[in-house]
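Student: Handing you a structure now.
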Amino acid sequence: MKANLQLATLPQLLDRFKAAVINTNGHTIDPLILLTYHSTAIDGARLTLTQTKTLLQSGSLLADQPQTDQLMIIDYHQTLGQILTMAIQHEPLNRFACQQLAANLMRQTGWPLDSLLSTIDTRKGELRLDNALAGRGRLGDAHKLPLALAELLKDINTRINQRKTPRQLYDLSFQAHFILLSLHPFGAGNGRLARLLMSYIQQYHGLPLSFVYTDQGPLYFAALAASWRQKTSEPIVSFLHSQLTRYLEEVIAR
């Protein structure tokens, strides 16, 4: 079966995935918990998948695990629910909504961030006001952020309603993720927000939600670095497609 899966097109994989999900009769982990685990683990949360599941299903902090990591997971899971609801209701994105989502991500783990020019509070979803560094050289000019963010969201709102194939929709979600990360509009949580943006676009059309496997974190950051270096989204889009394919094939195989 593995060889057949490797030869399958994306539409074929999606059809097999849907059939596989129906046939599991609920004997599979909640995909939102799975997505929450991997996305927060990529950003440093140290809980296992089992611990993440216990935390989210019990609603109580685990006594033997770092509190900050658990609060990050809780905030991410709640914000994921919010953006998926927006997608299901076909609620368009705008700057206010984006800033509110960013604030919700950092609600319990954010902090005031001082710079030479000002102080912003990452718990309030405030846009950065200076040209900080983020491990890959100088970011875009802060004074251009409001317009650049508005243009990105307007482009998503336009393209998401155009008739597209599943591959084109996934491409749109992966490219939007890359552009938001390139803008790096907030003081913290940009990676998580960029991955939530992927989920929004995918959920908007009822597609399976993709994620980055935590064991692929180094390759994820390498693909991002390659895209920035080559000034094209192709490396990161190709990598994210590989993560999607892995997830679909794993569910089908089970």
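Student: Here are some conditions: (1) closer than 14 Å to Phe186 by Cβ; (2) at pLDDT 95 or above. Met72 meets all but one. Which one does it not meet?
Tutor: Against the list (1) closer than 14 Å to Phe186 by Cβ; (2) at pLDDT 95 or above, Met72 comes up short only on (1).
Student: Sticking with this structure for a sec: Restricting attention to the range 192-228, which residues are within 12 Å of the chain's Cα centre (by Cα) and either at positive phi or among the charged types (D, E, K, R) (or both)?
Tutor: Residues satisfying the conditions are Arg192, Arg195.
Student: Take Thr28 and decide whether it is on the phi < 0 side of the Ramachandran plot, surrounded by 12 or more Cβ atoms within 10 Å (Cβ to Cβ), at pLDDT below 95 and of a type in the set (S, T, N, Q). Full working, then the answer.
Tutor: Details: on the phi < 0 side of the Ramachandran plot: yes; surrounded by 12 or more Cβ atoms within 10 Å (Cβ to Cβ): yes; at pLDDT below 95: yes; of a type in the set (S, T, N, Q): yes.
So Thr28 fits the description; yes.
Student: To continue, here is another question. Considering only the range 217-233, state which residues are more than 18 Å from Leu197 (Cα to Cα) and surrounded by fewer than 18 Cβ atoms within 10 Å (Cβ to Cβ).
Tutor: Gly217, Pro218, Leu219, Ala222, Ala225, Ala226, Trp228, Arg229, Gln230, Lys231, Thr232
Student: In the range 160-190, what residues are part of a helix (DSSP H, G or I) and among the polar types (S, T, N, Q)?
Tutor: Passing the criteria: Gln168, Ser173, Gln175, Ser182, Asn190.
Student: I'd like the full set of residues that are in a helix (DSSP H, G or I) and in contact with a helix residue (DSSP H, G or I) (Cβ under 6 Å, 6 or more places away or on another chain), limited to the range 197-216.
Tutor: Leu197, Met198, Tyr200, Ile201, Gln202, Gln203, Tyr204, Thr214 - these are the residues of the range 197-216 that are in a helix (DSSP H, G or I) and in contact with a helix residue (DSSP H, G or I) (Cβ under 6 Å, 6 or more places away or on another chain).
Student: Within the range 240-254, how many residues turn out to be under 18 Å from Ala176 (Cβ atoms) and crowded, with 20+ Cβ neighbours inside 10 Å?
Tutor: Number of matching residues: 2.
Student: Can I ask one more? So which residues in the range 44-94 are buried (at least 19 other Cβ atoms within 10 Å of the Cβ) and not in a helix (DSSP H, G or I)?
Tutor: Ala45, Leu47, Leu93
Student: Within the range 152-177, can you find the residues that are in contact with a Lys or Arg (Cβ under 8 Å, 6 or more places away or on another chain) and either of a type outside the set (A, V, I, L, M) or modelled with pLDDT under 95 (or both)? Steps first, please.
Tutor: Residues of the range 152-177 that are in contact with a Lys or Arg (Cβ under 8 Å, 6 or more places away or on another chain), as a first pass: 153, 172, 177.
His177, the sole residue that qualifies.
Student: Please go through (1) crowded, with 22+ Cβ neighbours inside 10 Å; (2) closer than 15 Å to Leu153 by Cβ for Leu181 and return the number of the only condition it doesn't satisfy.
Tutor: Going through (1) crowded, with 22+ Cβ neighbours inside 10 Å; (2) closer than 15 Å to Leu153 by Cβ one by one, Leu181 breaks only (1).
Student: Please go through the range 95-111 and pick out each residue that is part of a helix (DSSP H, G or I) and among the aromatic types (Phe, Trp, Tyr).
Tutor: Phe96
Student: When you look at Ala41, is it of a type in the set (Gly, Ala, Ser) and touching a residue at least 24 places away in the same chain (Cβ under 8 Å), yes or no?
Tutor: Here the answer is yes, as Ala41 does meet what is asked.
Student: Quick one: in the range 107-132, which of the residues that are of a type in the set (Gly, Ala, Ser) and crowded, with 17+ Cβ neighbours inside 10 Å is nearest to Phe186 (Cα to Cα)?
Tutor: Start the filter on the range 107-132 by keeping residues that are of a type in the set (Gly, Ala, Ser), which leaves 110, 115, 118, 125, 132.
With crowded, with 17+ Cβ neighbours inside 10 Å added as a condition, the list becomes 110, 125.
Working: Gly110: 11, Gly125: 7 Å.
Looking at the filtered set, the residue picked out is Gly125.
Student: Continuing with the same structure: Assigned to a helix (DSSP H, G or I), crowded, with 22+ Cβ neighbours inside 10 Å and aliphatic (A, V, I, L, M): is that true of Leu193 in this structure?
Tutor: The answer is yes for Leu193.
The values are calculated or read from the model by the stated rules, or taken from the named source; none is laboratory data. Just so it is clear, the model here is predicted, and its values are computed rather than measured. We place every Cβ from the backbone using ideal geometry, glycine too, and count neighbours over all the protein chains shown.
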